[in-house]
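> A single structure is presented below for examination.
The values are calculated or read from the model by the stated rules, or taken from the named source; none is laboratory data. None of the values given here were measured: they were computed from a predicted structure. When we count neighbours, we look across all protein chains shown, and the Cβ atoms used for this are built from the backbone with ideal geometry, even at glycine. These area figures cover heavy atoms from the full protein model, side chains too; ligands, DNA and RNA do not enter into them. Shrake-Rupley method; radii C 1.70, N 1.55, O 1.52, S 1.80 Å.
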Amino acid sequence: MNDIAKRVYDHQWKIDPIVRSVIDTDFYKLLMAQTVFHNHPDARVTFSLINRSDDVPLARLIDEGELREQLDHVRTLRLTRGESTWLRGNTFYGKRWMFEPEFMDWLENFRFPDYRLERRGDQYELTFEGPWIEAMMWEIPALAILMELRTRAVLRSMGKFELQILYARAMTRIWEKIERLQALPGLQISDFGARRRHSFQWQDWCVQAMIEGLGPRFSGTSNCLIAMRRDLEAIGTNAHELPMVYCALAGEDDAALAQAPYKVLEDWQKDYEGNLRIVLPDTIGSKGFFAHAPEWIARWTGARIDSGDPAEGAETAIAFWKRHGEDPREKRIIFSDGLDIDVIEDLHARFANRAKVSYGWGTLLTNDFRGLAPRDGLAPFSLVCKAVSAEGRPCVKLSDNPVKATGPAEEIARYKRVFGVGEQAARPVMV
């Protein structure tokens, strides 16, 4: 196992590019890319980086030249032969050949497209524009780069012993959380922390700690590169991006807009032959999604709860399944928003006997350095990379937490009207 503190102190970052592989990304990104390949290969989409934490001045913390160097390095990456073999021949979720030959041919020839970077005051404006299937691949690398460059900027000012103590304290914190997780009966938990990780090396350490501490109760990791290297299950299905873009492509027709989130799932079900059937309802507001969802969605495997009050979101999904005669105890509920040990313990106590509960643990697994650096300089912050337009139409995400809503105000109002979203309670956003 690498001595992370020594590696940081020796400043060996030149041999540690932040993103080191095309598959140093979330598994759901590749799954979504394949469905885009099937259904919307020519759609043009723009993605933009959004820092929801105004108190973190990225443009003052991160040198623009260093940022461009890391972004340019990503553009040199190519899928390796070993990575292609892993994707082509591995079993994912019990299914062989999850990725079809035509898509793999595309991925083997894929090159990251160009980017646009500008400084706006104390923040960077980073944009990716082009064919949807190409621009979408920037999301996870871009987030990982900005997060780790901020980490490196803070660590540069720390001495050898200070770094050793920093990482010893962070390791102790993670292990204490793992010890509490060991007490939860029937636990299933996975790593969702690639996008806002402290660093690649730290995410890999956290995954190894989870493997040793939890054994088979640790389901795997969303990071494809780590999954391949550690012989783990790659975890993921789909994200808000799909319904956001489908809704934008529906244009100004309210009827087409109302059906777009369900058209996504029709295409997904067809593409994956009944596998990976987890709905993500909060893109248009969970209550509205379930209120208008066709009956066949009730037969899907489960739901991922990713914003708002997690208990309320789970209750909404359970009520939907019961309304359609489905047994919630046979359904999977995946909690994935702002999780930490206290929240996991509370949710487990409430829902473990009512459904098949699992957890996608993100930022506060792979980036919990709160209070460990001077002036709390390593505290996690809320950085996202979202689709902002598709074929010139704005993309919108409502969320179950209005603080997380994205898109022009007039379009947000239209979506709330079309999907019947009423009053929403705002909740603090940590990540």
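> Can you bin region 142-234 into rounded, prolate or oblate? Criterion: square roots of the alpha carbon gyration tensor eigenvalues sorted a ≥ b ≥ c, rounded for a/c under 1.5, prolate for a/b above b/c, oblate for the rest.
Numbers: a/c = 2.52, a/b = 1.42, b/c = 1.77.
Oblate is the answer for region 142-234, as a/c is 1.5 or above yet b/c matches or exceeds a/b.
> Still on this structure, please answer the following. How many angstrom lie between the Cα centre of region 186-224 and the Cα centre of region 1-74?
After rounding, the separation between the Cα centres reads 18 Å.
> In Å², and per residue, what accessible area does the chain have when probed at 1.4 Å with the other protein chains present? Don't jump to the answer; show the numbers that get you there.
Values: 17250 Å² over 431 residues.
That works out to 40 Å² for each residue.
> Given the C-alpha centroids of region 340-361 and region 367-390, what is the distance between them in whole angstrom?
Measuring centre to centre over Cα atoms gives 24 Å.
> Another one. Which lysines, if any, have their Cα less than 20 Å from the Cα of residue 6, not counting same-chain residues under 8 positions apart?
14, 160
> I need the shape label for region 355-428. Rule: rounded when a/c is under 1.5, else prolate if a/b > b/c, else oblate, with a, b, c from the alpha carbon gyration tensor. The partial results should precede the final answer.
On the way: a/c = 2.28, a/b = 1.75, b/c = 1.30.
Prolate is the answer for region 355-428, as a/c is 1.5 or above and a/b outweighs b/c.
> With charges set only on the Cβ (+1 for Lys and Arg, -1 for Asp and Glu), what does the dipole of the chain come to about its Cα centre, in debye to the nearest 20? Mind showing how you got there, number by number?
Working: 57 positive and 63 negative charges, 146 e Å.
Dipole of the chain, to the nearest 20 debye: 700 debye.
> Continuing with this model, one more query. For region 257-399, what % of the accessible area comes from carbon and sulfur atoms, probe 1.4 Å?
Numbers: 2260 of 5060 Å².
Ligands and nucleic acids excluded, carbon and sulfur give 45 percent.
> Also: Under 5 Å between amide H atoms, partner at least 5 residues away or on a different chain: which partners does residue 193 have, H built in plane at 1.01 Å?
222
> Still on this structure, please answer the following. Among the aspartates and glutamates, which fall within straight-line cross-link reach of residue 356, defined as a Cα-Cα distance under 16 Å, with same-chain neighbours fewer than 8 residues apart omitted?
Partners within reach: 315, 326, 327, 330, 345, 346.
> Any idea what the relative contact order of the chain is, in percent, if you count C-alpha pairs under 8 Å spaced at least 6 apart? Before the final figure, lay out the partial values.
Numbers: 727 pairs, mean separation 90.8, N = 431.
So the answer I get is 21 percent.
> List the lysines whose alpha-carbon lies under 25 Å from that of residue 263, not counting same-chain residues fewer than 8 positions away?
Counting by Cα, and skipping residues close in sequence, residue 263 has these lysines nearby: 29, 95, 287, 322, 331, 386, 397, 404, 416.
> Which of rounded, prolate or oblate describes the chain when judged by the alpha-carbon gyration tensor and an a/c cut-off of 1.5?
Details: a/c = 1.41, a/b = 1.23, b/c = 1.15.
Since a/c stays below 1.5, the shape of the chain is classed as rounded.
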